[in-house]
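Undergrad: Below you'll find the structure I mean.
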Amino acid sequence: MTGFQILVTVTGGYKSTEVYIGCHTNKQGVWGMGHDIKDIRSTTRTHYEWDIETFDPATGDIEDHNHDDKCPGIPSDHDKRLVLVRDFYAVVVKGGKVIDADLTDRQWAYVKGGKLPELFDDTRIKVPLRFHKELRKLA
């Protein structure tokens, strides 16, 4: 049997479809054509994490990060500050499994005066209420 197979990816909006198109001949000279569709979805994911930044008070340069899924509390050291980080990912899912994820955007909400701001820095994106509550429990 001889033949060929072509992979075609059709994309529209947040959904792509992979189509394998094949053609073959057998000993009797009969040929056939078929396809196999594998569904691919593009979606987005948002991930939040707390970060205690260690910085140089003279320059403001960040020297170290300590990331945590739970709020660690407001640091007492004068060279540390607490920030909530929002990461936004473009994700490709195939067969229910993530096959690719790219960080596309990141925002920060710095705790000042023991409180989170209403919005992430330089955006109109609201800080979710659950993080305000989490911080208040530790204050």
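Undergrad: Give the residue that is surrounded by the fewest Cβ atoms within 10 Å (Cβ to Cβ), with candidates limited to residues of segment 85-111 that are more than 18 Å from the chain's Cα centre (by Cα) and modelled with pLDDT of 95 or more.
TA: Tyr110
Undergrad: Looking only at segment 87-126, which residues are in a strand (DSSP E or B) and farther than 20 Å from Ser42 by Cβ?
TA: Correct list: Gln107, Trp108, Ala109, Tyr110, Lys112, Lys115, Leu119, Lys126.
The values are calculated or read from the model by the stated rules, or taken from the named source; none is laboratory data. Quantities reported herein were computed from a predicted structural model and do not represent experimental measurements. Cβ atoms come from the backbone with ideal geometry, glycine included; neighbour counts cover every protein chain shown.
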